[in-house]
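Data block below; observations after.
The values are calculated or read from the model by the stated rules, or taken from the named source; none is laboratory data. Source: prediction; values computed, not measured. FYI the Cβ positions are ideal-geometry reconstructions off the backbone, even for glycines, and counts take in every protein chain you see. We work out accessible area using only protein heavy atoms, side chains counted, and drop any ligands, DNA or RNA first. Shrake-Rupley method; radii C 1.70, N 1.55, O 1.52, S 1.80 Å.
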Amino acid sequence: MFRSRLEENVSDLLCELGIDYEYESTKVAYQIQHLYTPDFFLPNKHIYLETKGYWDPADRRKMKAVKEQNPDLDIRMVFQSPFNKISKKSKTTYAKWCERHKIPWTSWHDIPMEWLI
């Protein structure tokens, strides 16, 4: 029932003292501070460009968290292959994922000039 002998010992002590307790009954959310370094910053436009060939699940989670926690940053994705699927079993492409999360995206062959100049 317990993860360690120490937890069991504390439980025994609480029981001996007649103290009510709950074991691992609560979940507490927390955030670990990380730093995100975008690939390119265009200072004249205040636009960040993040380039991706393969876009793994950890990078998608990171991008989602960065956007949620920094809604004023204009981060745009530039993909080598935007229509690659996020996994073999998914129908969702990199492009669709971005659209779902309201992140502008493009292929590196088709970067809109208005993004750049």
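Annotation note: Cβ proximity below 8 Å between a residue of the range 40-68 that is touching a residue at least 24 places away in the same chain (Cβ under 8 Å) and a residue that is loosely packed, with under 12 Cβ neighbours inside 10 Å and hydroxyl-bearing (S, T, Y) (sequence gap 6+ or interchain) occurs for P57/S87.
Considering only residues in the range 88-117 that are small (G, A, S) and within 22 Å of V66 (Cα to Cα), the one that is modelled with the highest pLDDT turns out to be A95.
Cβ separations smaller than 8 Å between residues 6+ apart or across chains give the following pairs from the range 11-27 residues that are closer than 15 Å to M1 by Cα to residues that are assigned to a loop (DSSP other than H, G, I, E, B): S11/F2; S11/Y21; S11/Y23; Y23/M1; Y23/F2. The set of residues in the range 54-68 that are open to solvent by 30 Å² or more (accessible area, probe 1.4 Å) and not in a loop (DSSP other than H, G, I, E, B) comprises P57, A58, D59, R61, K62, K64, A65, K67, E68. Of the residues making up the range 40-51, one or more are farther than 21 Å from S107 by Cα and open to solvent by 100 Å² or more (accessible area, probe 1.4 Å). If you go through the range 5-37 and keep only what is of a type in the set (G, A, S) and at pLDDT 90 or above, you end up with S11, G18.
Selection of the range 69-115 for residues being in a helix (DSSP H, G or I) and open to solvent by 50 Å² or more (accessible area, probe 1.4 Å) yields Q69, K96, E99, R100, W108, H109, D110, M113, E114.
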